[in-house]
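Notes follow the structure.
The values are calculated or read from the model by the stated rules, or taken from the named source; none is laboratory data. Being a predicted model, the structure only gives us computed values, none of them experimental. Using ideal geometry, Cβ is built from the backbone for each residue, glycine included, and neighbour counts are taken over all protein chains shown. These area figures cover heavy atoms from the full protein model, side chains too; ligands, DNA and RNA do not enter into them. Shrake-Rupley method; radii C 1.70, N 1.55, O 1.52, S 1.80 Å.
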Amino acid sequence: MPMTVSLADFSPDAIALTAITSSSLERWCESCSPTERRWIQSSGFEAKAGSWCLLPGADGALNRVLVGTEDRPDLWSCAGLPLALPEGDYALDDSWADEQISALSLGWLLGSYRYDRYRAAERLPARLCRHPDCDEDWVEALADGIFRTRDLVNTPAQDMMPQHLSAALAALAEEHGAEFEETAGAELLARNYPVIHAVGRASVHAPRLADLRWGDPAHPKLTLVGKGVCFDSGGLDLKPASAMRLMKKDMGGAAHVIGLAATIMRRQLPVRLRVLVPAVENAVSGDAFRPGDVLTSRSGKTVEIDNTDAEGRLVLCDALSAAIDEEPDLLIDMATLTGAARVALGPDLPAIFANRPETANALCTSAEAMDDPVWQLPLHAPYKRWLKSDIADLQNSAATPYAGAITAALFLQEFVGKERDWLHMDVMAWNTESLPGRPRGGEAMALRAFAEMLARRYPR
């Protein structure tokens, strides 16, 4: 379970949070006492976005917090406050627009996050009281999913090997009364998941496929598939040390679908949900798969291995083949798949690919509404020529350095087909720097966007 993800009960002693812009500061000061005006002036508060001013009362105790904002506050306007303000209860006052309350409350919760598995937290975050205009169920469901994702990605590989990642999905299934099944080790071969087995067989931690099912079978089928490479050494095509340093996060796609599933089930969306997590360690041993090997996938397609460091798309191909066996209404996969996507879009902007324009547009619309951006890249079919093999149906990576994110998506499309309603996200899953509400480390990118899109597509 992640850290507690909830707003505080209303407290009559809660300290008011007041929104102030640089243009409204002078007018606001005209209405306050001379002592308060002097305090604000002496503190140097200019109401710049992201700043705040602690305002004492007549008794010297903290009475109010002035929060500097833009003319239209956003999700992150209060996100820096939970770990900056003194511990205690705070409440948004009537200076904030009603339609912003839910976003501001979510930002506050996200700003309360800290990963403290190996180091005790230095302090408790300040608490935000529930506001009558806040959709607290939705806010807390989103925060729950995001916290789970962050926790999973932040956990070092020593404690997040395939068995641990599978256990995280099993625990989520138990929380929500879902069905759970695991296929591990040699059983993967018996049940026709040969590529998952091949990629993970070199590790002392057996590869596995974790499978969760939840919801009414009569509801539309929604299937989520997440890349669960718990550590990626690169295999025999070994990564340099600098590229290996953050490879604990290579299960970020799996962390995302687990977090999204938690939000879906907590929100009780009317779907028949399935979550598939192929979990492996891409290790080096005498049993490791090799460049030049040809693997026969679950679908029957043969894949020549050009590079063992392009393993994520391999484990996904078997899981995607299993997913389409049930003909889902919507299929979504998420993966920390390519460095090429980061070169193109940077660390903060996930790349998405879609078979159907209307589905991509729905996600982009929800992303804008939730301040959770994505960027669509094309499934440019002519680039499939770069995946041709002389001896197999296709190879797992292109020899050219160009369009790596696109060729990876085209590889996955070979196992999904062009007609399926399918979304693929290539995501960083990591904040490279700390910003309000977004600490350096594991991050759930576009999870809010996907959750909003699904809530609109499958209304309760």
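Before moving on, here are some points about what is shown:
- Residue in the stretch 417-436 that is in contact (Cβ under 8 Å) with a residue 60 or more places away in the chain, in contact with a Phe, Trp or Tyr (Cβ under 6 Å, 6 or more places away or on another chain), over 17 Å from Gly312 (Cα atoms) and open to solvent by 10 Å² or more (accessible area, probe 1.4 Å) present: yes
- Filter result for Ile406 (open to solvent by 50 Å² or more (accessible area, probe 1.4 Å), aliphatic (A, V, I, L, M), farther than 22 Å from Leu142 by Cα and modelled with pLDDT of 95 or more): no
- Residue match in the stretch 277-284 (condition: open to solvent by 40 Å² or more (accessible area, probe 1.4 Å) and of a type outside the set (Gly, Ala, Ser)): yes
- Cys29 meets each of the listed conditions (1) open to solvent by 60 Å² or more (accessible area, probe 1.4 Å); (2) modelled with pLDDT under 95; (3) outside any loop (DSSP other than H, G, I, E, B) apart from (1).
- Residues satisfying the stated conditions in the stretch 329-353, i.e. under 20 Å from Gly417 (Cβ atoms) and open to solvent by 10 Å² or more (accessible area, probe 1.4 Å): Asp329, Leu337
- Entry remark, the stretch 32-42: residues being among the small types (Gly, Ala, Ser) and either surrounded by 18 or more Cβ atoms within 10 Å (Cβ to Cβ) or assigned to a loop (DSSP other than H, G, I, E, B) (or both) number 1 in total.
- Checked against (1) modelled with pLDDT of 95 or more; (2) over 19 Å from Asp9 (Cβ atoms), Asp71 passes all but condition (1).
- Number of the condition not met by Asp137 [criteria: (1) touching a Phe, Trp or Tyr at 6+ places or on another chain (Cβ under 8 Å); (2) assigned to a helix (DSSP H, G or I); (3) open to solvent by 30 Å² or more (accessible area, probe 1.4 Å)]: (1)
- Residue in the stretch 365-387 that is more than 26 Å from Cys230 (Cα to Cα), open to solvent by less than 30 Å² (accessible area, probe 1.4 Å), in contact (Cβ under 8 Å) with a residue 24 or more places away in the chain and assigned to a loop (DSSP other than H, G, I, E, B) present: no
- Within the stretch 185-211, being open to solvent by 20 Å² or more (accessible area, probe 1.4 Å), of a type outside the set (A, V, I, L, M) and either modelled with pLDDT under 95 or not in a strand (DSSP E or B) (or both) holds for Glu187, Arg191, Asn192, Pro194, His197, Arg201, His205.
- Once the stretch 416-455 is narrowed to residues that are part of a helix (DSSP H, G or I) and aliphatic (A, V, I, L, M), the residue that is nearest to the chain's Cα centre (by Cα) is Leu447.
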